[in-house]
Amino acid sequence: MGDSVATKILKQHLVDGEIAPGNEIGIRIDQTLHQDATGTMVMLELEAMGLDRVKTELSVTYVDHNMLQSDFRNADDHRYLQSVAQKLGIHYSRPGNGICHQVHLERFGAPGRTLLGSDSHTPTGGGLGMISIGAGGLDVAVAAGGGAYYLPCPKIIGVRLTGKLQPWVASKDIILEMLRRLTVKGGFGKIFEYHGPGIECLDVPARSTVCNMGAELGATTSLFPSDWQTKKYLEAMGRGEVWQELMPDADAEYDELIEINLDELEPLIAKPSNPDLVVPVREVAGTKLHQVCVGSCTNSSYHDLAICANVLKDNIVADNVSMTLTPGSRNVFNEIAANGMLADIIAAGARILESACGPCIGMGQAPPSQGVSLRTFNRNFLGRSGTKDAYVYLCSPEVAAVSALRGEITDPRDWGEYPAVEMPEQYLVDDRMIIDPPADASAVVVERGPNIVPLEDFTATPDGIEAEVILKTADNISTDHIMPAGAKVLPYRSNIPEISKFTFGVVDSEFHDRAMAMKENGGSIIIGGSNYGQGSSREHAAIAPRYLGVKAVIVKDFARIHWNNLINFGIVPLQFADPADYDSVAQGDRLAIRDLHSQIRNGSEVRVDNLTKGTSFTATHSLSGRQVHVLLAGGLINTVKEAS
Ligand code: MIC
Ligand code: SF4
């Protein structure tokens, strides 16, 4: 049996274990990506590990999330990141240069390489035929320091595309169709490899949109082969030399196969408030809009902006709509400025935002109360927009542009002829906003502001837990619920005591105070449903609960990155052996786990006693031997320190 592209890259980078689904494998990481919201923690962790220079082929820190400078905090973080990047041999993409994933794709990604990023949408790089994975900051820090990245060997799922996208149907509709079919947990433990004749009609940015939002499936990553489209893109970016052909073997077999006929695809939309609530646009057409936002790492490439410019040209945004547009990178910005499209967009009344995450992470542009916001982004979790009772829909730039003019959700096929975009032969490229690290960093002084608080020491996991259930949640709790982002919270990303005050704020405003009270009395336990911790890679969703004394999280099942983050920060992650037991536990119950160490070491089952109800149930864990060691040591920082 021949190999898929994913298997070829994994084989070339394997440093530990054997490639077979379910095994834990360790892979070598060629490149790391960090951004400002998770990156300050990565840098603090690298410093805590005592590293003086990264050991990867390439590491880049981007400033794109924490862009609002309403006081000194974010600005101090930027200054810290720039100086520490210089010190550690990391390239630094300055604020204004663009969203990490878009810039990385344009300037650094390369077929056949591995990329680990402290951001869940790192799989955007899969559009170039690379294995790019989102992970918690600590895993990225270890990889930057030359360590392997460990993961349960994923299944490789082939997604065979046939046919051709029809006018007004976009690559965003491919991934929305995947979410419609598979749901937000359908990608757990899987790599999606797109192939087949249908990929011919997709250029690299279109492919990257699909890979980017594979994160919403909960997938390990997604990727496309590296073919003539990849070559064309890299040449247009002036980087033709990094191209190599990378195709699946003719007899490659996949663990499962999914088929999508692009001829039959129609414009789709995800309804509030989960990315898998997908329906055809025509089903919700006519819904009145208050806001339309184009941008985010999913849809901010040149083509995405250009299609909007072509639709908006000589028109005006509807009276009831506030429309924002965000170019994904300074290069895209320059491109639309140089060819006049920016003028068409401004004339149409759209609000131009700086090249950054912006409204996607709640950095401004919160919709009005109960407002309806249509966004080309990837996530619409409750409260993420900054307005808890807003209704956020996700769609393609085509749907967004036409709907902004009509003032209501519109199937763009009703608009008229498709205003096709001509792609540049050669993109405008200017790398002067990327600062290379010096060869000799001995003179670099790391600049730290007063908001940058080093991590506290983590104690080893105790041999027994007796604690109260502080919270019982429903299914699909995202890290946006656990640790919200947005303009108020993000400035505290390098200050755990402060940021912990916002933990679970969206669902339970008393959580922090209750947790602090319980901390003195054995700590607390969280009970969760299915797909607990979906969404972002932010390890603050684990570090803050840990700081607040959460000892264990017992759920029906976990999302991948958050599960890893819990282990890395010494919180015991368990699953109900029988999901029906979820119903037997209530908030306020006192639970006990005796002989935790031997129970975890000696098998996958752990007995949990419910002292309040006088009952007990079985929980399971799926930790590897390595992870058991990390967890019981109190987290990964402790084991890294042990080893050095
Ligand atoms: C997100 O889209 O939720 C973020 C903000 O980019 C996060 C990272 C973070 O929380 O800093 C992600 O996707 O990992
Ligand atoms: Fe930024 Fe949004 Fe992309 Fe996260 S999903 S990296 S917040 S643009």
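The label-point distance for residue 264 and residue 488, in a model that sets each label 7 Å from Cα toward Cβ, rounds to 4.7 nm.
Under 27 Å Cα-Cα from residue 613, which lysines qualify once same-chain neighbours fewer than 8 residues away are excluded? Excluding near neighbours in sequence, the set is 472, 519, 551, 556. Rounded to the nearest 20 debye, the dipole size of the chain about its Cα centre is 980 debye, using +1 on the Cβ of Lys and Arg and -1 on the Cβ of Asp and Glu.
Our analysis of the stretch 450-532 gives Rg over Rh at 0.98, with the two radii drawn from alpha carbon positions and Rh computed by the Kirkwood formula.
Stokes-Einstein, applied to the Kirkwood radius of the chain over Cα pairs at a viscosity of 0.692 mPa s and 37 °C, places its translational diffusion at 133 µm² s⁻¹.
The calculated Kirkwood hydrodynamic radius for the stretch 267-376 is 14.5 Å, given to one decimal from all distinct C-alpha pairs. Which residues does the label zone of residue 316 cover in the stretch 408-424, counting backbone N under 18 Å from a point 7 Å along Cα→Cβ? Counting only backbone N, you get 408. D by Stokes-Einstein for the stretch 144-254, Kirkwood Rh over Cα pairs, 10 °C, 1.306 mPa s: 105 µm²/s.
Give the calculated FRET efficiency between residue 586 and residue 425 to the nearest 0.05, with a Förster radius of 56 Å applied to their Cβ-Cβ distance.
The calculated FRET efficiency here is 0.30.
When DSSP assigns beta bridges and you keep just the ones with both residues in the chain, what percent turn out antiparallel, to the nearest 5? Beta bridges within the chain, antiparallel portion: roughly 35 percent. Using the Cβ-Cβ distance between residue 256 and residue 577 with R0 set to 25 Å, the FRET efficiency from 1/(1 + (r/R0)^6) comes to roughly 0.45.
Panel values: the stretch 488-644, Kirkwood radius from alpha carbon pairs, Stokes-Einstein at 37 °C and 0.692 mPa s, translational diffusion coefficient 203 µm²/s. Here the relative contact order of the chain, from alpha carbon pairs under 8 Å that lie six or more residues apart, stands at 14 percent. Most simply put, the stretch 1-111 has about 20% antiparallel DSSP beta bridges, counting only bridges with both residues inside it. Calculated over the stretch 77-124, the projected area of the Cα convex hull averaged across directions stands at 3.9 nm².
Computed across the stretch 1-103, the Kirkwood hydrodynamic radius from all distinct Cα-Cα pairs reaches 15.6 Å. Binning all Cα-Cα separations of the stretch 1-53 at 10 Å, short to long from zero, yields these whole-percent fractions: 19, 34, 29, 16, 2. Farthest toward the positive end of the dipole of the chain, out of 9, 554, 26, is the Cα of 554, where the dipole comes from beta carbon charges about the Cα centre. Determine, from the Cβ-Cβ distance of residue 247 and residue 166 and an R0 of 25 Å, the FRET efficiency 1/(1 + (r/R0)^6), rounded to the nearest 0.05. E(calc), rounded to 0.05, equals 0.45.
How much length would be gained if the chain were fully extended between residue 519 and residue 642, taking 0.36 nm per residue of separation minus their Cα-Cα distance, in nm to one decimal? Each step should come with its number before you reach the end.
On the way: separation 123, 0.36 × 123 = 44.28 nm, distance 2.69 nm.
41.6 nm is the gain from fully extending residue 519 to residue 642.
Candidate cross-link partners of residue 87 among the aspartates and glutamates, defined by an alpha-carbon separation under 18 Å and a same-chain spacing of 8 or more, comprise 36, 45, 47, 52, 57, 76, 77, 436, 440, 447. With a simple spin-label model that places each label point 7 Å from the Cα along the Cα-to-Cβ direction, the separation between residue 414 and residue 604 comes to 5.1 nm. Averaging 1/r over every pair of different alpha carbons in the stretch 189-317 and inverting the result gives a Kirkwood radius of 17.4 Å. Report summary: the helix-based calculation at 222 nm, which adds -39500 (n - 2.57) for every DSSP H run with n ≥ 4 and divides by the residues of the chain, gives -8000 deg cm²/dmol.
Beta-bridge orientation, the stretch 146-278: approximately 10 percent antiparallel, per DSSP, counting only bridges with both partners inside.
Here the simple spin-label model places points 7 Å from the Cα toward Cβ, and for residue 339 and residue 239 these points are separated by 2.0 nm.
Coordinate-derived values only; no laboratory data. What you see is a predicted model; the values in this text were computed from it and never measured. Note that each Cβ is placed from the backbone with ideal geometry, even for glycine, and that neighbours are counted across all protein chains shown.
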